[in-house]
Protein chains: 2
Amino acid sequence: MRRNRNEGNAVGGHPLTAQRRLLLDLLRDAGGHVDARELYRRAVSRDGSVSLATVYRSLSLFKRLGLVDERRLNRVCCCYEIRQSPEHQHLVCRGCGRVIEFRSPLIGELIESVRREHGFILDRAELCLEGYCPECNSEGHAP
Amino acid sequence: MRRNRNEGNAVGGHPLTAQRRLLLDLLRDAGGHVDARELYRRAVSRDGSVSLATVYRSLSLFKRLGLVDERRLNRVCCCYEIRQSPEHQHLVCRGCGRVIEFRSPLIGELIESVRREHGFILDRAELCLEGYCPECNSEGHAP
DNA sequence: TTAAGTGCAAAGGCTTTGCAGCATA
DNA sequence: TATGCTGCAAAGCCTTTGCACTTAA
């Protein structure tokens with residue numbers, strides 16, 4: 001893919017090239033939990049000439065601009081997701097591998113209590129809960 | 001280091017070799033937050049012939065046996081720590097990099113609420129809070 | 001012309017694995 | 001002897017980086 005003309009909107013002062021637009025679209029469609037490799041695969045299937053380096057560089061830019069969040073949902077690699085309005089956390093099922101998003105007011109309370117007790121100003125809270133979902137529990141997949 | 005005679009206690013049915021004993025000692029002394037590379041450096045300084053492969057293999061064994069916990073405190077590598085009685089979580093300062101352990105009853109409440117609302121049985125909760133500690137805040141290191 | 005984005009390939013860093021040798025039972 | 005641990009080296013992955021080319025202002 002040769003770089004196309006700036007496609008209208010810029011992102012944080014950086015031109016929205018065709019590659020960046022494609023990657024942002026894919027991230028939006030994915031609705032979260034895509035790793036760089038998978039994003040690259042999807043990008044290539046739409047445009048065979050996108051490079052993996054551009055995927056990483058774009059993700060790095062999106063992170064800096066606060067457009068996407070980087071999460072560690074497994075041991076090996078990072079997952080990326082479009083930043084959404086409500087703060088949310090993840091539940092990972094060790095049995096079937098699926099990831100569920102959830103929200104809880106307790107997270108906010110926790111952050112506030114840490115600020116009160118330790119004087120920390122927090123700008124990022126990442127909570128990863130692992131266990132077994134109801135289905136895997138009932139089917140005896142849990143150990 | 002040639003393998004020494006089993007030094008008394010076995011760990012989970014596996015012999016406590018000199019290497020494993022050394023690594024467990026170092027993990028205990030470290031009191032948490034050591035990555036594999038650092039553990040390897042410390043091990044080598046006490047015994048020049050320990051290999052990095054043994055460090056990883058031992059850590060993997062310790063994890064399986066539940067002796068150590070693996071944490072992701074930064075983007076790059078894992079940290080390991082001896083499993084301690086009280087559940088605790090980590091506060092990471094983005095300014096000076098120091099890591100503070102803390103406990104909160106809210107974590108337990110959170111796990112219970114997830115069980116109630118989603119039916120998940122959780123066996124691992126990893127919370128990583130990032131921000132700026134009081135010192136870095138007052139010195140203006142925070143952005 | 002200048003600054004910045006891209007693709008390609010190579011390199012970097014962390015982790016795992018294959019293999020042969022040796023120790024323990 | 002048989003099993004399992006170790007060191008060494010190589011390979012595997014994920015991610016970053018150097019370079020030359022191209023594009024847009």
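Bear in mind that the values in this text are calculations on the coordinates, not laboratory data. In this text the structure is predicted, and so the values were computed from the model without any measurement. Ideal geometry is used to build each Cβ from the backbone, glycine not excepted, and the neighbour counts take in all protein chains shown.
At R0 = 45 Å, how high is the FRET efficiency between B:R37 and A:E135 if r is their beta carbon distance? Nearest 0.05 is fine.
Values: r = 39 Å, r/R0 = 0.87.
Result of the calculation: an efficiency of 0.70.
Taking each residue in B:103-112, count the Cβ atoms of any other chain within 10 Å of its Cβ, then average. What number comes out? Numbers along the way, then the final one.
Numbers: counts 0, 6, 2, 10, 4, 1, 4, 10, 3, 1.
Partner-chain Cβ atoms within 10 Å, mean over residues of B:103-112: 4.
Test of understanding: ordering B:Y80, B:Y40 by Cβ neighbours within 10 Å, fewest first, what list do you get? Spell out each step's value before the answer.
Numbers: B:Y80 26, B:Y40 20.
The most exposed by this proxy come first: B:Y40, B:Y80.
Please list the non-local residues whose amide H lies under 5 Å from the amide H of A:D35, H modeled 1.01 Å from N, same-chain partners needing a gap of 5 or more.
A:Y80
Per-residue Cβ counts within 10 Å, from other chains only, averaged over A:113-125: what number is that?
On the way: counts 4, 8, 3, 0, 2, 8, 6, 13, 9, 7, 7, 6, 5.
Going residue by residue through A:113-125 and averaging, the value is 6.
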